[in-house]
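Contents: one structure, followed by commentary.
The values are calculated or read from the model by the stated rules, or taken from the named source; none is laboratory data. All values derive from a computational prediction rather than experimental measurement. Ideal geometry is used to build each Cβ from the backbone, glycine not excepted, and the neighbour counts take in all protein chains shown. Accessible surface is based on the protein model in full, side chains and every heavy atom, while ligands, DNA and RNA are left aside. Shrake-Rupley method; radii C 1.70, N 1.55, O 1.52, S 1.80 Å.
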Amino acid sequence: FSSSVFYVSLWFPQTQISPKEGWQVYSSAQDPDGRCICTVVAPEQNLCSRDAKSRQLRQLLEKVQNMSQSIEVLNLRTQRDFQYVLKMETQMKGLKAKFRQIEDDRKTLMTKHFQELKEKMDELLPLIPVLEQYKTDAKLITQFKEEIRNLSAVLTGIQEEIGAYDYEELHQRVLSLETRLRDCMKKLTCGKLMKITGPVTVKTSGTRFGAWMTDPLASEKNNRVWYMDSYTNNKIVREYKSIADFVSGAESRTYNLPFKWAGTNHVVYNGSLYFNKYQSNIIIKYSFDMGRVLAQRSLEYAGFHNVYPYTWGGFSDIDLMADEIGLWAVYATNQNAGNIVISQLNQDTLEVMKSWSTGYPKRSAGESFMICGTLYVTNSHLTGAKVYYSYSTKTSTYEYTDIPFHNQYFHISMLDYNARDRALYAWNNGHQVLFNVTLFHIIKTEDDT
């Protein structure tokens, strides 16, 4: 058995609004172990051009020059601090000699030498913050050198491509790289949530409460967005062909559902919308392509109509969600004392295939989402919210966690994971936002069994 462990932090083109200038460095950072993390956004295929590459090359060159200047400044500061360190070393040697002298003649010279020692120690005290800064500078220099090395490699690659290949060859190389990247991603086993970053505000629209989503099982070219405003008294679903159309407000189609929905915890999965029918514990499966209900089923014993909602209320008793494993329902029952129940559903018949009873009170949860068969629960929908609890359906065990995230607009009424985009979709007080997630993965190799 052989496998490698690493962290992945990715944004794919379908979750970005307008990556129109070629390959873009979205962000770079250092993880707690000192490894460099770089996030890169690939261009839309029809926007790749020699001009875009040249612009990107100039931008990267400017960044390298800026970083080189920063390194020079840090080196100067480090040299200055190093002189302090040398001075300290000399003084420490002097202290050592003084101690020896005291040992030799401590009876007659004790008072005098200890006074001298005190004066020496007073001189050393200002060096302590200098040494701390010295250590910090050394880390920064290491980080800058690593980023310079990475950027230099990118620059070399771009220069070679611009000089040696025409547009069609470049285009084919980009497509090949994208294919290889996706093949690599397919080798990733399910990951454990480590960090949530963002958010990126995609749009500001609608009421305080609502839901927006894409289909995690859609093809790579299908980036439709669905938008459902409010948590009650509505049946209209708006569809957009892409994130860009969603931002501009260019609707492609609207659907008038046969029933009103309850809450904001809907999900689109494999071309169908799954939602909770208003004032009931009935789950509805509605096909967008056929324009009709394909299945409906009561979720046995599930509380509804604000019996067991999330902390913000809003008829959020039944939360439907999807992850890499399949379709799920999260709710609470009297039989489980109002604590969260997780049920895996058959996507065609809506039958419960298996259920897990947790000990976490549903009314104490701000929101929740599934990643790789593990339910992650937030402790609030307000400022200061964090992922506080997780339950693994694989091992039937739970743990308390501490994963903070930035509740930028102070009130979250929808938070769902999309396995294709590897991102959290959220409705944040009338703002549609995306959170990036960092998962701990194990790469499957050919030797794995």
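Determine whether Gln344 is open to solvent by 10 Å² or more (accessible area, probe 1.4 Å), over 25 Å from Thr197 (Cβ atoms) and in contact with a strand residue (DSSP E or B) (Cβ under 7 Å, 6 or more places away or on another chain).
yes
What is the one condition in (1) at pLDDT 95 or above; (2) out of contact with any helix residue (DSSP H, G or I) (no Cβ under 6 Å at 6 or more places or on another chain) that Glu446 does not satisfy?
It fails just one condition, (1).
Based on what the data block shows, is Leu382 touching a residue at least 12 places away in the same chain (Cβ under 8 Å) and within 25 Å of Ser205 (Cα to Cα)? Give the derivation first.
Numbers: touching a residue at least 12 places away in the same chain (Cβ under 8 Å): yes; within 25 Å of Ser205 (Cα to Cα): yes.
Considered against the rule, which asks whether it is touching a residue at least 12 places away in the same chain (Cβ under 8 Å) and within 25 Å of Ser205 (Cα to Cα), Leu382 comes out as yes.
Picking from Leu375, Leu424, Leu415, Leu382, which residue would you name as being crowded, with 16+ Cβ neighbours inside 10 Å and out of contact with any Asp or Glu (no Cβ under 8 Å at 6 or more places or on another chain)?
Numbers: Leu424 fails: out of contact with any Asp or Glu (no Cβ under 8 Å at 6 or more places or on another chain); Leu415 fails: out of contact with any Asp or Glu (no Cβ under 8 Å at 6 or more places or on another chain); Leu382 fails: crowded, with 16+ Cβ neighbours inside 10 Å.
Exactly one residue qualifies, and that residue is Leu375.
Outside any strand (DSSP E or B) and among the aliphatic types (A, V, I, L, M) - does that describe any residue in segment 412-435?
yes
Among (1) among the hydroxyl-bearing types (Ser, Thr, Tyr); (2) crowded, with 17+ Cβ neighbours inside 10 Å; (3) free of Cβ contacts under 8 Å to residues at least 24 places away in the same chain; (4) farther than 23 Å from Lys195 by Cα, which single condition is Tyr308 missing?
(3)
Out of curiosity, is Asp317 free of Cβ contacts under 8 Å to residues at least 60 places away in the same chain, within 20 Å of Ala365 (Cα to Cα), in the same structural domain as Gln347 (by the TED database) and of a type in the set (Asp, Glu)?
Spelling it out, Asp317 is indeed free of Cβ contacts under 8 Å to residues at least 60 places away in the same chain, within 20 Å of Ala365 (Cα to Cα), in the same structural domain as Gln347 (by the TED database) and of a type in the set (Asp, Glu).
Could you pull out the residue among Leu257, Leu273 that is assigned by the TED database to the domain that holds Asp289, touching a residue at least 40 places away in the same chain (Cβ under 8 Å) and either over 24 Å from the mean Cα position of the chain (by Cα) or open to solvent by 10 Å² or more (accessible area, probe 1.4 Å) (or both)?
That would be Leu273, the only listed residue that is assigned by the TED database to the domain that holds Asp289, touching a residue at least 40 places away in the same chain (Cβ under 8 Å) and either over 24 Å from the mean Cα position of the chain (by Cα) or open to solvent by 10 Å² or more (accessible area, probe 1.4 Å) (or both).
Could you check how many residues of segment 318-335 are buried (at least 18 other Cβ atoms within 10 Å of the Cβ) and not aliphatic (A, V, I, L, M)?
5
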